[in-house]
Structure formats: C-alpha cells, structure tokens
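Note sheet for the following structure.
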Amino acid sequence: MKHKGIEQAQLPLENEAPPVCHTCSRWNLADYLGLLQASEDCLLRGWAALREAHPTTPDVGQQSALFAGWSRENLAALAPYAGTYGARQEGEPEALARALAVGRPQSGFGLMRDLQALWLMANESFVSTTVLIQGARALGDRDLEKSLREIENRNDRQRTWLMARLRQAAPQTLAVPS
C-alpha cells in the first residue's frame, strides 16, 4: 500500500501521527476539525446568549448552562487532535452565528427564534462531527473516533432538547396573539 511521498506505508498506530505525505499540500481533516471547533465555540456563546436573553424562562438557564459545559468539553476533547492534524478556521460557523443572532428580546416569539437558531448551529456541529467520524475511521484513528462519538452523543442530546422545546413553544407562540 504505497503512495508516492509517504514515508510510512501503514496507517498510524494508536496515538501516533498519520504518515507524512510530501506531495500533498495538507490534510483536509484539518478543515473539518477547524469547522467543528468553530461550531462548538459558536454554540458555547449561543447557549450563554440564550441564558442571558431569557433568564426567567423555566429550564432555559439550567439547560443552557449544561449544554455550554458540553460545548466546552467538546472543545477540550478536540484540542489534542488539532495539534496532530491541524485545524483551519474558515469562518462559516461564525457567519452562521452572526446571521442567526441568538439573544432576541424576551418573549415567546423571541425564545422560539433563539431556539431555532441554536438548533441550526447544533446541526452545523453535528454535520462536521459526522464527517470527521468517517475521516477518523479511514485513518484508523480510534481515539479520535471515540472522542467524536462522545461529541456526537452530546450534540444529539442538545438537538433533541432544542427540537422538543420548539415543539412545546410553537402552539402558544404562533396561535395566540401577542
């Protein structure tokens, strides 16, 4: 299994950097690591903005704090792999976060729009995680795959809560005049 320019012919061992390809300009994995890091950072800020914008809404403060903690854990879990593979910041998650602007005025409609914005941001993270899991599998990096599966599980729980909360808020917000 030889490839022109690769110094080692086998996949990396556990906790070992991948083989170096001198004819390749870079690892594309770094792009998605950067996307995922930026997505998690945007989520972290989004959860804080939700908590601040809707302080009297039941469960929002507690859940936002929990989910922000998970985003911090996700960022910490990605740091060693960014050191190994690199992490390029393209700015897409930040542009999405600016466009969605969590922190609308405290109202039923404002809460629903903020929850929707966070759901979209969480999906950005979810897609990047899904792609990275496939990359980790292709590289045989079991540690990275395990870390990504944990991120995927936390992210799935965030998305599930957000969708449930949207479904709860929608009837009254949309059917009752404000």
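The values are calculated or read from the model by the stated rules, or taken from the named source; none is laboratory data. Quick caveat, the model's predicted, so the values are computed rather than measured. Quick reminder, even Gly has a Cβ in these numbers, built from the backbone with ideal geometry, and neighbours come from all protein chains shown.
A few remarks follow.
- Test: residue in segment 85-103 that is modelled with pLDDT of 90 or more, crowded, with 19+ Cβ neighbours inside 10 Å and either in a helix (DSSP H, G or I) or at positive phi (or both): yes
- Odd one out for Leu78, checked against (1) loosely packed, with under 15 Cβ neighbours inside 10 Å; (2) part of a helix (DSSP H, G or I); (3) modelled with pLDDT of 90 or more: (1)
- Check on Arg154, of a type outside the set (Val, Ile, Thr), modelled with pLDDT of 95 or more, crowded, with 18+ Cβ neighbours inside 10 Å and within 15 Å of Glu40 (Cα to Cα): yes
- Residues of segment 32-49 that are of a type outside the set (A, V, I, L, M) and crowded, with 18+ Cβ neighbours inside 10 Å: Tyr32, Gly34, Gln37, Ser39, Glu40, Asp41, Cys42, Gly46, Trp47.
- Scanning segment 50-71 for residues that are of a type in the set (Val, Ile, Thr) and either crowded, with 22+ Cβ neighbours inside 10 Å or part of a loop (DSSP other than H, G, I, E, B) (or both) gives Thr56, Thr57.
- Only one of Ala122, Ala170 that is aliphatic (A, V, I, L, M) and under 19 Å from the mean Cα position of the chain (by Cα): Ala122
- The residue that is modelled with the lowest pLDDT, among those in segment 112-151 that are out of contact with any Leu (no Cβ under 8 Å at 6 or more places or on another chain) and closer than 21 Å to Trp47 by Cα, is Arg113.
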